[in-house]
Amino acid sequence: MASSTNIHFIFVLITFLIILRTSLSYGHISTVDGILPFSPKHVVVTNKLVAQFGLLVHCTSQETDLGVISVLIGQSFDFRFRVNIRKTTKFSCIFSWPGIVRTFDIFRADRDDSSTSKCGICSECIWNISESGPCRIRRDGGPPCCFPWSS
């Protein structure tokens, strides 16, 4: 027969796990750097084209197609997701404006959810899109992390 101490421990553990899972599901637990496993990710993409053009964006992952989204100059669109258990989550986007088509992986777990990344881990990945390429805004106030277009 199990002792009352063991039963109490199991009850407390199960209660903790239920509360943790519920909090993660509803986003009540948030961290500045997103270090909790499977913490929600929030990607924000802002049109900063100097030429003042509207931006068409089409983002996909292996599991999700966000469709084509029109983003006016100075406006943003966003989406939320969780990194998969293998930490291979990737959202690739095609960005187009008059006469130009560019691609970039707007979220890559190996870059945006890794402590070894030059830009660090982000739970809210804020990107400014300009003609020269995408720049991720750093929450620590440091200089933005800018990348070349993939194509």
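The values are calculated or read from the model by the stated rules, or taken from the named source; none is laboratory data. On a predicted model such as this, the values are computed, not experimentally measured, just so you know. Here the Cβ is made from the backbone with ideal geometry for all residues, glycine too, and neighbour counts use every protein chain on show. Ligands, DNA and RNA are excluded from the accessible area calculation, which covers all protein heavy atoms including side chains. Shrake-Rupley method; radii C 1.70, N 1.55, O 1.52, S 1.80 Å.
Annotations for the structure displayed:
- Portion, in percent, of the accessible area of the range 40-146 that falls on carbon or sulfur, probe 1.4 Å: 54
- Ranking P143, I126, T64 by Cα position along the charge dipole of the range 40-146, where only Lys, Arg, Asp and Glu carry charges on their C-beta atoms, puts P143 farthest toward the positive end.
- Model label points for D140 and V50, set 7 angstrom from Cα along the Cα-to-Cβ axis, are 2.9 nm apart.
- For R138, the residues 5 or more places off, or on other chains, whose built amide H falls under 5 Å of its own are C145.
- A Cβ-based charge dipole, computed about the Cα centre of the range 40-146 with Lys and Arg at +1 and Asp and Glu at -1, lands at about 260 debye.
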